[in-house]
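Peer 1: Just passing along the structure, written as structure tokens.
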Amino acid sequence: FAQQRLWFLAQLNEGSTNYHIPLTLRLRGMLDRSAWQRSLDRVFARHEALRSVFVATQGKPRVEVLPPDAGLPIVEHDLRERSDAQAALLDLRHEEGRTPFDLARGPLIRGHLVRMSDEEHVFLLTQHHIVSDGWSMGVLLRELSQLYRAFEAGQDDPLPPLAIQYPDYAAWQRQWLSGDRLQKQAQYWRSALAGTTRLVLPTDHARPAQQSFAAATVPVIIDADLTRELKQLSLQHGTTLFMTVLAAWAAVLSRLSGQDDLVIGVPSANRGHRQIEELIGFFVNTL
């Protein structure tokens, strides 16, 4: 279902890069490039989600899986002799972020290995959200690290085989969330959200007619003393720290908007089964 949503959005906004997941790694020390490429190829072969492409026939998408020996595409750049190496790296990052994926051809993961000096490389890895999520990034980094250490030392693949693959989960989800169960779930949310209005906040400028995705960040620092007090408050009420802070956030939004009926979307990892904790794939959902 998650992949279906993103596939629909990709058709709606063709060539969009809004759902790229970028990762920048700084690799220090002498890099065994053969072991690094082998590690990347092994992760690519290990997870069917990363090898998935989405082919549409008469407007209906289906998943095809690229062969495990296809290899993860890597482009190498050598900036050692460039006086403007940092600026060139920034240009590469921006260009990579602006380059769309072809969901029908794939692969939906790609990398650039940038050599800054003999003992420093920068690795730019980009995935499409349709095959990965935030939790998956942790899985990918952990496996890359284990594989590289093993291959650099001349050892075999140390990772245990996966019990299931993402397509197994997708097929199970389709079967489980159907019929009466699907109707009950849908009816619950229709009832729960009935009559709610969108959040109206006082802003300096009117919302533009077309969403641009241009954004900025505002850092909020919660110091150690306040964190300790929040944890104590959570303990007293039998809630998690997250639940307490979310309640505070709801109170802030209510004060700013003057509304007392708020709908707040919260991303959930959505990995309620042990077998899928070690998978790379698009599991995250918004509650």
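The values are calculated or read from the model by the stated rules, or taken from the named source; none is laboratory data. Every value quoted in this text rests on a predicted model; they were computed, and no experiment measured them. In this analysis, Cβ positions are derived from the backbone assuming ideal geometry, glycine residues included, and neighbour counts consider all displayed protein chains.
Peer 1: Inspect the range 174-187 for any residue being within 25 Å of the chain's Cα centre (by Cα), acidic (Asp, Glu) and closer than 28 Å to His273 by Cβ and give the result as yes or no.
Peer 2: No, that holds for no residue.
Peer 1: Examine the range 14-24 for a residue that is farther than 14 Å from Val131 by Cβ and hydrophobic (A, V, I, L, M, F, W, C), and state whether such a residue exists.
Peer 2: For the range 14-24, residues farther than 14 Å from Val131 by Cβ and hydrophobic (A, V, I, L, M, F, W, C): absent.
Residue-wise test of (1) under 21 Å from Val131 (Cα atoms); (2) more than 25 Å from the chain's Cα centre (by Cα); (3) touching a residue at least 12 places away in the same chain (Cβ under 8 Å).
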{"position": "Pro73", "(1), (2), (3)": "yes, no, yes"}
{"position": "Asp91", "(1), (2), (3)": "no, no, no"}
{"position": "His94", "(1), (2), (3)": "no, no, no"}
{"position": "Thr99", "(1), (2), (3)": "yes, no, yes"}
{"position": "Leu108", "(1), (2), (3)": "yes, no, yes"}
{"position": "Asp118", "(1), (2), (3)": "no, yes, yes"}
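Peer 1: Is the range 58-80 home to any residue that is surrounded by fewer than 17 Cβ atoms within 10 Å (Cβ to Cβ), of a type in the set (S, T, N, Q) and either in contact with a Cys (Cβ under 8 Å, 6 or more places away or on another chain) or at negative phi (or both)?
Peer 2: no
Peer 1: Quick test of your reading of the structure: Trp189 fulfils all but one of (1) part of a helix (DSSP H, G or I); (2) within 24 Å of Ser39 (Cα to Cα). Name the failing condition by number.
Peer 2: Unmet condition: (2).
Peer 1: Right, here's the next one. Val220 fails exactly one of the following numbered conditions: (1) loosely packed, with under 10 Cβ neighbours inside 10 Å; (2) in a helix (DSSP H, G or I). What is the number of that condition?
Peer 2: (2)
Peer 1: Mind checking which pairs have a first residue in the range 135-154 that is closer than 21 Å to Leu124 by Cβ and among the acidic types (Asp, Glu) and a second that is crowded, with 19+ Cβ neighbours inside 10 Å and modelled with pLDDT of 95 or more, Cβ under 7 Å, 6 or more apart or different chains?
Peer 2: Glu143/Val43
Peer 1: Which one of these is under 16 Å from the mean Cα position of the chain (by Cα) and over 28 Å from Ala171 (Cα atoms): Leu31, Leu6, Leu27, Leu23? Quick ask: steps written out before the conclusion?
Peer 2: Working: Leu31 fails: under 16 Å from the mean Cα position of the chain (by Cα); Leu6 fails: over 28 Å from Ala171 (Cα atoms); Leu27 fails: under 16 Å from the mean Cα position of the chain (by Cα).
Result: Leu23 is the single residue among Leu31, Leu6, Leu27, Leu23 that is under 16 Å from the mean Cα position of the chain (by Cα) and over 28 Å from Ala171 (Cα atoms).
Peer 1: Something else: Would you list the strands (runs of 3 or more DSSP E) that sit entirely within the range 26-136 and hold 2 or more residues that are under 26 Å from Val284 (Cα atoms)?
Peer 2: Numbers: elements: 52-57, 60-65, 74-78, 109-117, 120-128.
Strands (runs of 3 or more DSSP E) meeting the threshold: 52-57, 60-65, 109-117, 120-128.
Peer 1: Any residue in the range 271-282 that is in a loop (DSSP other than H, G, I, E, B) sitting within a Cβ distance under 8 Å of a residue that is among the β-branched types (Val, Ile, Thr) and buried (at least 23 other Cβ atoms within 10 Å of the Cβ)? List the pairs, counting only those 6 or more apart or interchain.
Peer 2: Ile280/Val131; Gly281/Val131; Phe282/Ile130; Phe282/Val131
Peer 1: While we're on this one: What residue, of Leu262, Leu246, is under 28 Å from Phe1 (Cα atoms), in a helix (DSSP H, G or I) and either out of contact with any strand residue (DSSP E or B) (no Cβ under 9 Å at 6 or more places or on another chain) or charged (D, E, K, R) (or both)? Before you say what the answer is, go through the steps one by one.
Peer 2: Numbers: Leu262 fails: in a helix (DSSP H, G or I).
So the residue among Leu262, Leu246 that is under 28 Å from Phe1 (Cα atoms), in a helix (DSSP H, G or I) and either out of contact with any strand residue (DSSP E or B) (no Cβ under 9 Å at 6 or more places or on another chain) or charged (D, E, K, R) (or both) is Leu246.
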